[in-house]
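The values are calculated or read from the model by the stated rules, or taken from the named source; none is laboratory data. On a predicted model such as this, the values are computed, not experimentally measured, just so you know. Reconstructed Cβ throughout: ideal geometry from the backbone, glycine too, with neighbour counts over all protein chains shown.
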């Protein structure tokens with residue numbers, strides 16, 4: 001039994017060594033491709049290495065290869081995995097620093113600031129971390145200013161729209177009021193109409209007076225003419 005256990009232990013140790021050598025070889029191949037900017041080929045090597053043995057290096061390098069291919073969401077996850085299994089502060093700092101960079105690419109400014117702060121806590125003297133942290137804070141301020149300006153512009157647009165609606169409503173009410181005034185007779189129109197009606201009545205009366213006066217004149221003339229004729233006969 002002892003000899004059998006020893007054989008099993010030796011075989012297990014030997015297989016682990018072969019597996020480690022194979023994973024290490026794949027990582028080396030991946031590094032060569034990465035240096036030559038063959039990021040897809042590097043990614044394939046890193047994935048195979050990670051399948052054989054997941055390490056901080058395989059996770060971190062895999063994150064770098066997909067980052068170079070603009071696949072930032074996937075890169076974020078690999079950097080988080082690297083941080084979770086990191087064995088020392090250097091590995092943690094590198095993971096957090098690149099995590100912040102990927103988050104910046106995604107427009108996740110506030111999470112990026114938090115990542116840089118955590119990296120800075122592990123290594124306060126790293127100038128690259130401080131520089132990126134400062135730049136991220138500037139981006140945050142600019143983002144907040146743009147949001148405030150956008151909200152202010154939206155408020156102005158809303159106020160202008162309300163004023164325009166009020167002006168249109170007042171104009172519509174004014175037009176409706178003008179139409180009602182046009183439909184209703186004005187006082188001056190009534191007065192003019194009464195004056196016209198009175199003038200007609202006066203004209204009729206005047207015509208009647210003239211006709212009566214003319215009749216009286218004719219009657220007087222007729223009588224006078226009759227009297228003159230009679231005097232002539234008598235004379």
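Please work out if residue 169 is more than 30 Å from residue 70 (Cβ to Cβ), modelled with pLDDT of 80 or more and assigned to a helix (DSSP H, G or I). Yes, satisfied. Regarding residue 75, is this residue touching a helix residue (DSSP H, G or I) at 6+ places or on another chain (Cβ under 8 Å), at pLDDT 95 or above and not assigned by TED's automatic domain parsing to the domain that holds residue 93? Here the answer is no, as residue 75 does not meet what is asked. The condition (being under 30 Å from residue 144 (Cβ atoms) and surrounded by fewer than 16 Cβ atoms within 10 Å (Cβ to Cβ)) is satisfied by just one residue among 40, 99, 106: 106. Whether a residue is out of contact with any helix residue (DSSP H, G or I) (no Cβ under 9 Å at 6 or more places or on another chain) and either modelled with pLDDT under 60 or farther than 21 Å from residue 94 by Cβ (or both) was assessed, and residue 40 does not pass this test.
Taking the stated definitions as given, is residue 125 over 30 Å from residue 54 (Cβ atoms), over 35 Å from the mean Cα position of the chain (by Cα) and either free of Cβ contacts under 8 Å to residues at least 40 places away in the same chain or outside any loop (DSSP other than H, G, I, E, B) (or both)? It is true that residue 125 is over 30 Å from residue 54 (Cβ atoms), over 35 Å from the mean Cα position of the chain (by Cα) and either free of Cβ contacts under 8 Å to residues at least 40 places away in the same chain or outside any loop (DSSP other than H, G, I, E, B) (or both).
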